[in-house]
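Everything on this sheet refers to the single structure shown next.
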Amino acid sequence: MTKRNPGLPRNPRDLYQTRDVRAVLPLLAHLPEGARFHEPCAGEGDLVDWLERFGHRCVGAGDIAPGRPGIEARDALTLDACAGDFFITNPPWSRDLLHGIADHLRRIAPTWILADADWWQTDQTRLA
């Protein structure tokens, strides 16, 4: 993980898949049963798969470079509507991208973002 090991190279396009179910478990208690969600930074669809295994329904998925069929080729920053009741996404980790996407999506619909647990403790005003 490059956050804890700054000497490691970053993944291309800042792509870090949601391979571990532990990233999803804390979110489940906050979702209504059978939640309909839109995943705008879907990558290979791992987050979609986890949430659907827990009974939720993806009604829209996109990525700038889709990793599988069924994911639309689209930049999250070009969205002007949410296909579901809210967005749930694991966006790129570069702060400029993460902040831009989070700000854009929250203006459209309620938004859940997977982020590192200590992100809320970061002085966001100093990040550019």
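The values are calculated or read from the model by the stated rules, or taken from the named source; none is laboratory data. The structure presented is a predicted model; accordingly, all values stated were derived computationally and were not measured. Ideal geometry is used to build each Cβ from the backbone, glycine not excepted, and the neighbour counts take in all protein chains shown. Just the protein is used for accessible areas: all its heavy atoms, side chains included, with ligands, DNA and RNA removed. Shrake-Rupley method; radii C 1.70, N 1.55, O 1.52, S 1.80 Å.
Net charge around Arg68, counting only other residues with Cβ within less than 11 Å of its Cβ (Lys, Arg = +1; Asp, Glu = -1)? Walk me through the numbers on the way to the answer.
Numbers: positive: none; negative: Glu44, Asp46, Asp49, Asp63.
Net charge in that neighbourhood comes out at -4.
For Arg106, the solvent-accessible surface computed with a 1.4 Å probe is close to 140 Å², ligands and nucleic acids excluded. Ordered by 1.4 Å accessible area with all protein chains kept, Trp93, Trp112 run largest first as Trp112, Trp93.
Please give the contour-minus-distance gain from Arg57 to Glu72: 0.36 nm per residue of separation, less the Cα-Cα distance, rounded to one decimal in nm. Don't skip to the answer; put the middle values down first.
On the way: separation 15, 0.36 × 15 = 5.40 nm, distance 1.62 nm.
Fully extending the segment from Arg57 to Glu72 adds 3.8 nm.
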